[in-house]
Structures are given as structure tokens and as C-alpha cells.
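The values are calculated or read from the model by the stated rules, or taken from the named source; none is laboratory data. Given the structure is predicted, the values throughout are model-derived calculations rather than measurements. In this analysis, Cβ positions are derived from the backbone assuming ideal geometry, glycine residues included, and neighbour counts consider all displayed protein chains. Note: accessible area is taken over every heavy atom of the protein model, side chains too, but ligands, DNA and RNA are not part of it. Shrake-Rupley method; radii C 1.70, N 1.55, O 1.52, S 1.80 Å.
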Amino acid sequence: MRALPGALLVLLAAAGCATAIQGTPVPAAEAAPNRDLVNRYFTDLNEAGKEGYSAQRDFLRRTQHPDFTSDCDLGGLTLRIEPALSTLRADPKWKPEKSTKRPRGDIYVVGVSVRIRRDSATLAEQIGSQRVVVLDGKAYGFTPCPTR
């Protein structure tokens with residue numbers, strides 16, 4: 001019972017420190033209207049990786065943004081990329097490295113955890129961000145080039 005007055009005092013002190021933040025909350029669906037397409041992109045990428053290097057390479061070639069075709073190859077590696085969709089946001093000013101133009105479409109950036117594998121062995125795990133572009137109702141990515 002002695003702890004009750006102390007806890008009450010802390011609670012009252014904390015309540016007096018509250019401040020209101022101006023603005024209007026934006027529902028997640030409005031912040032990233034293409035969230036489902038971006039999520040599906042990563043799901044399909046990971047499913048292809050489960051099938052092996054060739055299947056994932058084919059997936060990455062099919063989903064490479066049409067304005068930025070690449071001859072990048074994963075060199076026998078497969079990727080497992082887990083997006084943190086709570087970090088998904090629009091990134092309209094982003095341009096691929098060494099490019100003077102932005103990709104057509106709605107550009108998004110999302111925090112990801114990447115596991116790099118060769119056969120059944122994990123070679124590395126990284127945390128970073130990845131861009132996905134939605135163009136004409138389809139999600140496109142940018143194939144990484146670890147062999148360069």
C-alpha cells in the first residue's frame with residue numbers, strides 16, 4: 001500500500017507533461033496506396049528464391065523497371081528480402097545511382113532485412129532500404145549487382 005501514493009504521484013506528474021501535436025493523422029492506406037503491390041513483389045521474390053537461383057534470376061529480370069534494364073546477375077546467389085512495411089513511404093525524388101532521371105511511376109522506399117544465400121548456406125545478412133516502383137499497376141525493382 002505504501003507504493004500506491006508514489007505511483008499516483010508519478011502518474012499525475014506524467015499527465016501534466018503531455019503536449020498535443022498539430023496535424024492530421026494519415027491512414028497507412030493513404031500514405032502508401034500501393035502497399036499490397038509492394039508486399040506482393042517481395043513475396044514473389046522470396047518464393048522464386050525458394051525455387052533456386054535460376055527462378056529468382058528470371059523473376060528479377062521480369063520485374064526490372066523498364067526504364068532501367070540491367071544485365072546484373074546475382075552470380076549464383078539467392079536473396080530473401082523481408083520488408084518492414086510499417087516503414088513504407090513515397091520517395092518521389094529518388095533516382096538510381098549514376099542516373100540523371102527518375103523512374104516513371106510511383107517510387108517507394110521501404111526498410112528491409114536481406115539474407116544472402118548460396119545454395120543452403122547463409123553468407124550474409126544486412127539491413128537497409130530498397131526502392132520499388134509501381135507503374136501501370138505492376139511493381140518493379142532494381143536488380144542488385146553484387147558481382148560488380
Checked the stretch 45-62 for anything among the aromatic types (Phe, Trp, Tyr) and surrounded by 20 or more Cβ atoms within 10 Å (Cβ to Cβ); matches are Phe59
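Which residue, of Tyr41, Tyr140, Tyr108, is open to solvent by 30 Å² or more (accessible area, probe 1.4 Å), aromatic (Phe, Trp, Tyr) and out of contact with any Phe, Trp or Tyr (no Cβ under 7 Å at 6 or more places or on another chain)?
Values: Tyr41 fails: open to solvent by 30 Å² or more (accessible area, probe 1.4 Å); Tyr108 fails: open to solvent by 30 Å² or more (accessible area, probe 1.4 Å).
That would be Tyr140, the only listed residue that is open to solvent by 30 Å² or more (accessible area, probe 1.4 Å), aromatic (Phe, Trp, Tyr) and out of contact with any Phe, Trp or Tyr (no Cβ under 7 Å at 6 or more places or on another chain).
Restricting attention to the stretch 49-61, and to residues there that are assigned to a helix (DSSP H, G or I) and under 14 Å from Ile116 (Cα atoms), which single residue is farthest from the chain's Cα centre (by Cα)? Step through it out loud before you land on a result.
If we filter the stretch 49-61 for residues that are assigned to a helix (DSSP H, G or I), which is where we start, we get 49-51, 53-61.
Checking the rest, the ones that are also under 14 Å from Ile116 (Cα atoms) come to 49-50, 53, 56-57.
Working: Gly49: 17, Lys50: 19, Tyr53: 21, Gln56: 18, Arg57: 19 Å.
Here the answer is Tyr53.
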Of (1) among the hydrophobic types (A, V, I, L, M, F, W, C); (2) free of Cβ contacts under 8 Å to residues at least 12 places away in the same chain; (3) open to solvent by less than 20 Å² (accessible area, probe 1.4 Å), Ala121 satisfies every one except (3)
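Would you be able to say whether some residue in the stretch 103-111 is more than 21 Å from Arg62 (Cβ to Cβ) and at pLDDT 95 or above?
Going residue by residue through the stretch 103-111, those that are more than 21 Å from Arg62 (Cβ to Cβ) are 109, 111.
Cutting the leftovers down to at pLDDT 95 or above gives us 109, 111.
Taking every residue of the stretch 103-111 in turn, at least one turns out to be more than 21 Å from Arg62 (Cβ to Cβ) and at pLDDT 95 or above.
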